[in-house]
Amino acid sequence: MLLITDEVTTESINYLLPELQDVGMEERTVRLRNGAQMPRIGLGTWKSPAEVTKQAVQAAVRAGYRLIDCANDYDNEHVIGEALKELLDQGEVKREELFIQAKLWNSNHRPEHVRPDLEATLKDLQLDYVDSFVIHWPMAVPSSGQKVALRPDGCYPAHFSQGTLFPLDDEGYYASDDASHFIETWYAMEDLVDEGLTKSIGLSNFNMKQVREVLEKAKKHLPSVVQNESHPYLQERDFRAFCRINGIVFQAYSALGSADRPWRHTGSITSGAPSTGHEVLDHPILRDIAQRLGRSVAHVVLRWHLQIGGAAVCKSVTPSRIQENIKLWDFALAPEDMDQISNLNVGWRHLLWAETSMHNDYPFKDWLPSDYKLEKPSAGSTAGAK
Ligand SMILES: NC(=O)c1ccc[n+]([C@@H]2O[C@H](COP(=O)([O-])OP(=O)(O)OC[C@H]3O[C@@H](n4cnc5c(N)ncnc54)[C@H](OP(=O)(O)O)[C@@H]3O)[C@@H](O)[C@H]2O)c1
């Protein structure tokens, strides 16, 4: 881990820093360690159906968003590519004004698969490079077999997702690729920066110990971004502080609490309703604050993300909400409001993906119930369950 000690030189301090510069609540961007400015609010695209994603992305860019968060398992990168091409061709935005983030899928962790994965994403996005490319999860899974295939030939061969991304073993449990480890994957990610295919690299769904391992073993490039779940019920204060002192920007996903997560109604102890009894956007305290300020609850939550110095991606396919969610710089939460939201931190994580917890590199073991017994993926899982 990089620590500030007497031995730290001026040069190493420079590379420790972005959030150490103290992101003011009014800043719209945060500086990454490569010098790039990353927008603090971005449009999420998980669960955005392909048929409405093009208009969502165009509405977002027209409303002022510059960060679009993509991933090949969202099965809509090809449509995002169409949206971006039209916006760029029509001169509505310039490529250098955009910040496009994409993710390496679990079946492509083997070093020789990393570049083809990004190349396939770039083809779909109709871009020459992305601004950030993150390892989506630390767990490597097999890249060939009955129910999975390596991009570009099979990951989403006809942009139809079910059953292609999550390999199952003969008994129907998720399978792992135990011979592959994310540090080897990281070295292949580093090469992508040198080849100009991505401006920066990062991590997603890694726990603190795993991020530290990457920091310690990286050879050429350190992580710029960690994209992990965070919202008022999962504030991740220690993790945010850890990222800050190590020069990493913590970017919250499911920033609004992900009320449309596919497993919302499964009733499972590991994936069901929040322990508070309310979805984040329905919490009475947040509703009260919103009502008093004459704003939406989403405004209050996103403004909280900004005022704790954070960055966040939030998803909507509804143009009016997309437009609303970026209007965050004309009001402020009072210290008493911030205190009340602070008290909503109950450690509820919706994306446990507990059925993968047999994997050596599964990140969230500490969040599993002590009596959790490994389950087969159910129909409520994002994909792969047949
Ligand atoms: N790295 C990862 O593993 C990972 C995991 C999860 C998420 N992410 C990223 O983070 C993004 C955001 O997370 P998320 O999709 O889980 O959920 P989210 O952004 O927390 O919540 C999305 C839900 O909020 C609704 N919504 C948005 N704005 C609203 C408003 N103003 N008022 C009321 N409801 C509103 C959306 O509805 P409508 O769409 O119907 O408007 C949708 O149901 C994802 O899309 C993805 O890009 C990454």
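The values are calculated or read from the model by the stated rules, or taken from the named source; none is laboratory data. As the structure is a computational prediction, the values presented were derived from the model and not from experiment. Neighbour counts are summed over all protein chains in view; Cβ atoms, including those assigned to glycine, are modelled from backbone coordinates with ideal geometry. The accessibility values were calculated without ligands, DNA or RNA, using every heavy atom of the protein model including side chains. Shrake-Rupley method; radii C 1.70, N 1.55, O 1.52, S 1.80 Å.
Is it the case that some residue within the range 335-345 is away from the ligand (no atom under 15 Å from the Cβ) and not in a helix (DSSP H, G or I)? Yes - at least one qualifying residue is present in the range 335-345. Anything in the range 235-274 that is away from the ligand (no atom under 16 Å from the Cβ), in a loop (DSSP other than H, G, I, E, B) and at pLDDT 85 or above? List them, or say none. Those that are away from the ligand (no atom under 16 Å from the Cβ), in a loop (DSSP other than H, G, I, E, B) and at pLDDT 85 or above: ASN246, GLY247.
Only one of ALA298, ALA334 is over 21 Å from PRO274 (Cα atoms) and not β-branched (Val, Ile, Thr); which? Going through ALA298, ALA334 in turn, the sole match is ALA334.
Cβ-Cβ contacts under 8 Å between residues 6 or more apart (or on different chains), taken from a first residue in the range 175-200 that is touching a residue at least 40 places away in the same chain (Cβ under 8 Å) and more than 20 Å from ASN360 (Cα to Cα) to a second residue that is among the acidic types (Asp, Glu) and surrounded by 15 or more Cβ atoms within 10 Å (Cβ to Cβ), are listed as THR198/ASP131; LYS199/ASP131; SER200/ASP131. For the structure I just gave you, tell me whether LEU84 is more than 29 Å from TRP304 (Cα to Cα), touching a strand residue (DSSP E or B) at 6+ places or on another chain (Cβ under 9 Å) and of a type in the set (A, V, I, L, M). Yes: the conditions hold for LEU84. Output yes when any residue across the range 289-298 is assigned to a loop (DSSP other than H, G, I, E, B), within 19 Å of TYR65 (Cβ to Cβ) and of a type in the set (Lys, Arg), and no when none is. Yes, there is a match, as at least one residue in the range 289-298 is assigned to a loop (DSSP other than H, G, I, E, B), within 19 Å of TYR65 (Cβ to Cβ) and of a type in the set (Lys, Arg). Residues of the range 296-312 that are open to solvent by 10 Å² or more (accessible area, probe 1.4 Å), within 10 Å of the ligand (Cβ to nearest atom) and farther than 17 Å from ASN343 by Cβ: SER296, ALA298, HIS299.
Within 14 Å of the ligand (Cβ to nearest atom), closer than 30 Å to TYR187 by Cα and open to solvent by less than 30 Å² (accessible area, probe 1.4 Å), is that true of GLU229? Here the answer is yes, as GLU229 does meet what is asked.
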